[in-house]
Amino acid sequence: METLNQLFENNKAWAGRIRQEDPDFFLKLSRQQFPTYLWIGCSDSRVPANQIVGLLPGELFVHRNVANLVVHTDLNCLSVIQFAVDILKVRHIIVCGHYGCSGVLATVRGDRLGLSDNWLRHLQDVRQRHEKYLAGVTGDADAADRLGELNVIEQVANVCQTTIAREAWERGQELAVHGWIYGLQDGLTRDLGTTVTNCREAFGVYDTAISSLTEGKKARVS
Ligand code: CO
């Protein structure tokens, strides 16, 4: 049977490199974490949260699932958001999708994957909501990229509608929710112009982000 020795070797080398730069790094980190950001991204192995934004252990709180969905009743995702906002007091929540997402592409093509079709049903809801716009996009790959962008904007709106975000804003806690999309082909993230910093602006920001996308404005690399 294949062993995982290589992974243990990698781990030792990695820990050694970090200790060489800062001998107390792990000791300090074991006592407390102070992440400023919560990352909600896709599980895809090509989208490693910390590396993409160049952050060390302790600096980024992370939740990942297939197609970076924030489902209203997903206790797992909601618990991560609640812990991040209420306990760790993160200042930013970043929902990051990516181009070339297999889950999004399967949704566009109507592929049958198995159990995960039920999870991706939430993405079908997004697709149906924007059916008119997506019908005008040619080719599955482009349609998937546009749906991937729309999905991020929708998931940002979902974060903003959670009791967690709303209550944080009500008590005056500083919290911004952002929507990004990452390019597998160039390693760069793009801001989808859907940053929300309080309850009142959530719907306006959503409308603007959706219309700028559907009017053909390309997501920009900051
Ligand atoms: Co993906």
Inset, instruction - With label points built 7 Å along Cα→Cβ from the Cα atoms of Glu174 and Gln124, find their separation and express it in nm. - result: 4.4
Inset, instruction - Just order 107-120, 36-49 by mean Cβ neighbour count inside 10 Å, highest at the front, would you? - result: 36-49, 107-120
Inset, instruction - Within the set of other residues whose C-beta is less than 13 Å from the C-beta of Thr138, count the net charge using Lys and Arg as +1 and Asp and Glu as -1. - result: -2
Legend entry - Space enclosed by the convex hull of the alpha-carbon atoms of segment 71-118, per residue, Å³: 98
Inset, instruction - Let me have the 222 nm mean residue ellipticity of the chain computed from DSSP H runs of 4+ only, each contributing -39500 (n - 2.57), with the sum over all residues rounded to the nearest 500. - result: -14500 deg cm²/dmol
Legend entry - Cα-based Lys proximity count in the chain, under 20 Å, for pairs eight or more positions apart or on separate chains: 4
Legend entry - Cα-projected label distance for Thr36 with Ser212, points at 7 Å along beta-carbon direction, nm: 2.2
Legend entry - Fluctuation leader among Gly54, Gly16, Gly136 - the chain, Gaussian network, Cα springs under 10 angstrom: Gly16
Inset, instruction - Collect residues whose amide H, placed 1.01 Å from N in the peptide plane, falls under 5 Å from the amide H of Arg64; neighbours closer than 5 in sequence don't count. - result: Gly41
Legend entry - Gyration tensor verdict on segment 84-161 (Cα atoms; rounded if a/c is under 1.5, prolate if a/b is larger than b/c, oblate otherwise): prolate
Legend entry - In Hz, Karplus ³J(HN,Hα) per residue of segment 99-112 (6.51, -1.76, 1.60; θ = phi - 60°; x = Gly, Pro): 5, x, 6, 4, x, 5, 5, 4, 5, 5, 7, x, 5, 9
Inset, instruction - Round to the nearest 0.05 the FRET efficiency obtained for Asp86 and Asp191 when R0 = 22 Å and r is the Cβ-Cβ distance. - result: 0.25
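Each value in this text was obtained by applying a stated rule to the coordinates, not by laboratory testing. Bear in mind the structure is a predicted one, so any value in this text is a computation, not a measurement. In this analysis, Cβ positions are derived from the backbone assuming ideal geometry, glycine residues included, and neighbour counts consider all displayed protein chains.
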